[in-house]
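Remarks on the structure that follows.
What follows draws every value from the coordinates through simple rules; no lab data is involved. Source: prediction; values computed, not measured. Cβ coordinates were reconstructed from backbone atoms using ideal geometry, including for glycine residues, and neighbour counts include every protein chain displayed.
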Amino acid sequence: MRIYFPLWALLLLLGYTAQAQQTFTSLEELWDYAKVHNINLQLATSATQRAQLSHKQAYSNVLPQVSLNSSFTSNEILQTTLLPKILQDRTAQPGEVIPVQFGQKYIYNAGITGQIDILNLSNWLQIKTSNISAAISKDSLSNNKKLVYQQLATQYYNYLLMQKAYTLATKSEQIADSIFQSVTYKFTVGTANKAQTDVAKINLNKANLSVINAQYQLSVALNNIKNLLNIPLEAPLTLTATLSELEENYSTHPFAQDPTIAIAQKQEQISLLQYKNNVYSFLPVLSVQYSTSKQQNNNEFQPLSGTPTWFPAQFWTLKASWLLFNSGSRYFNLQKSKITAQERKWQVQAAENQSVLADENLKLALYKAKATLEKGKENMGLSFDNYSHISNKYEEGLASLDDRLSAFNDYLTYQNQYLSNLADLLVQQYQMKLRYQNFN
């Protein structure tokens, strides 16, 4: 029995598969996904692979260079040489010459030549330099990870913050709408004035704007995360974490090394190697060359034949090259590289000092953000309690409508302050999380 699968159903299934739901439960899951899919990290990974190949390529400069050579010469007209005629005729007068042609028409030659530098310190320094450059490319990849992770953390925490903001704004919107409806009714029956109605409407507009802004920020944060993860716009993306699930306790272990410091340290090493290379430029280069070849001469075109005889030739060459003077260029290069090496040393020291100070400021900022958030949360709660208390008094006729409207306006203000304090804390939290992250 055959079962026929409708084409439209197959296309629908393929489309559903292509747009499979992407769900992330934590920031770490976003980071893991970005390692593979973020375009900047993909390019940085390719750069690291190229640097590793360049390091391997540097070794070829110290290996023997072997070449296979062959040639074929057809002497259409043999070169004429003038010899003393006395070689042919003993009676010839001094100064008389005869033209003679030497050689044969066809010449075949084949051989192998090998050469190696036995004293060329620049080549070995190049190997060390390429090795450090490969290590720098890895540190650059780590630094790119740090930047991408920070961008993801910014959008991730902003999304969670806007979820909280949306919840609070929705609650405020409901309260503001209830107050506005009540004041509007009282205005129609003459127990509320136009100014009170306007204030109630302004408070409702504030709450409406907070809801609109939260919805907008939620959508933008999701789109930015998709961009960082290289996910198409139409692909579904869900973040399941909430602020209540975030960890706020941090390790007491030392921070991980900042990739920028590692890069500065390796750049200092390269500058020292460049300085040494300029020193070695004053030394000679010593190389050995060996060559073996065979040659055949024949007036008949008979390539690769056994006759006539192939005549062998072999030789060794020991070559020394020493540049004694080149207008002082090497001396000035040496002095410039010495200055560069000193500058790199200063930069490393400055980067290390700045990192220590930045870490200390981060701890202080986190402490301050926690303290201000606690006060901001307390003030928001107190202002809502005050609004509730005045509302009850208003219902009992013991408080004016103006007092109620003012109390609700104060609550909206403290709510915004709380969200601002929460945003500041989230920034410090993910900055702290990044400092403990190993990007290698």
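Observations on the structure shown:
- Note on LYS186: lysines with a C-alpha under 18 Å away, same-chain residues under 8 apart excluded, are LYS194, LYS201, LYS393.
- Between GLN79 and TRP316, the simple label model (points 7 Å from Cα in the Cβ direction) yields a spacing of 3.1 nm.
- If R0 is 35 Å, the Cβ-Cβ spacing of GLU374 and LYS194 corresponds to a FRET efficiency of close to 0.30.
- Axis angle, to the nearest 10 degrees, between helix 194-229 and the longest C-alpha principal axis of the chain: 20 degrees.
- Net charge of Cβ neighbours under 12 Å - reference LYS105; Lys, Arg +1; Asp, Glu -1: -2
- Amide H to amide H, with H built 1.01 Å from N, GLN295 comes under 5 Å of PHE311, counting only residues 5 or more places away or on other chains.
- Neighbour cut-off at most 12 other Cβ (10 Å), DSSP loop, trypsin sites (Lys or Arg not before Pro), segment 26-111: ARG90
- J(HN,Hα) series, segment 25-35, from Karplus relation 6.51 cos²θ - 1.76 cosθ + 1.60, nearest Hz, glycine and proline x: 9, 7, 5, 4, 5, 5, 4, 4, 5, 5, 3
- When the chain is treated as a Gaussian network with alpha carbon springs shorter than 10 Å, the biggest mean-square fluctuation among TRP322, TRP310, TRP31 belongs to TRP310.
- Ignoring lysines fewer than eight residues from LYS294 along the same chain, the ones with Cα atoms less than 29 angstrom from its Cα are LYS105, LYS319.
- Of ALA341, ALA34, ALA92, the residue with the greatest mean-square motion in the GNM of the chain, using alpha carbon springs below 10 Å, is ALA92.
- Straight-line cross-link partners of LYS85 among the aspartates and glutamates, defined as a Cα under 16 Å from its Cα and at least 8 positions apart when in the same chain: GLU96.
- Rounded, prolate or oblate (a/c below 1.5 giving rounded, otherwise prolate when a/b exceeds b/c) for segment 166-212 by Cα gyration tensor: prolate
- Degrees separating the helix 401-435 axis from the principal Cα axis of the chain, which is the longest one: 20
- Between LYS145, LYS375, LYS266, the residue with the greatest mean-square fluctuation in the GNM of the chain (Cα pairs under 10 Å linked by springs) is LYS375.
- Among SER355, ASN326, PRO312 the positive-end extreme of the charge dipole of segment 308-359 (Cβ point charges): PRO312
- Between 0 and 90°, nearest 10: helix 259-280 axis offset from the chain longest Cα axis: 20
- For the cross-link pairs LYS56/LYS345; LYS164/LYS377; LYS35/LYS363; LYS171/LYS377, the ones whose C-alpha atoms lie over 19 Å apart are LYS56/LYS345; LYS35/LYS363.
- Size check on the chain: the Cα extents along the three principal axes, sorted descending, read 154, 78, 41 Å.
- The Cβ shell under 13 Å around GLN269 holds other residues with a net charge of +3, Lys and Arg each +1, Asp and Glu each -1.
- All-pairs Cα distance distribution in segment 115-229, expressed in whole percent, bin size 10 Å: 13, 21, 16, 13, 11, 9, 6, 5, 3, 2, 1
- Extension reserve of the SER54-TYR280 stretch, reckoned as 0.36 nm per residue once the Cα distance is removed: 79.1 nm
- Around LYS201: net Lys/Arg minus Asp/Glu count, Cβ-Cβ under 12 Å: 0
- Percent of beta bridges antiparallel (DSSP, the chain, rounded to nearest 5): 95
- 10 Å Cβ shell holding at most 16 others, DSSP loop, GluC sites (Glu not before Pro): longest site-free stretch of the chain: 97-233
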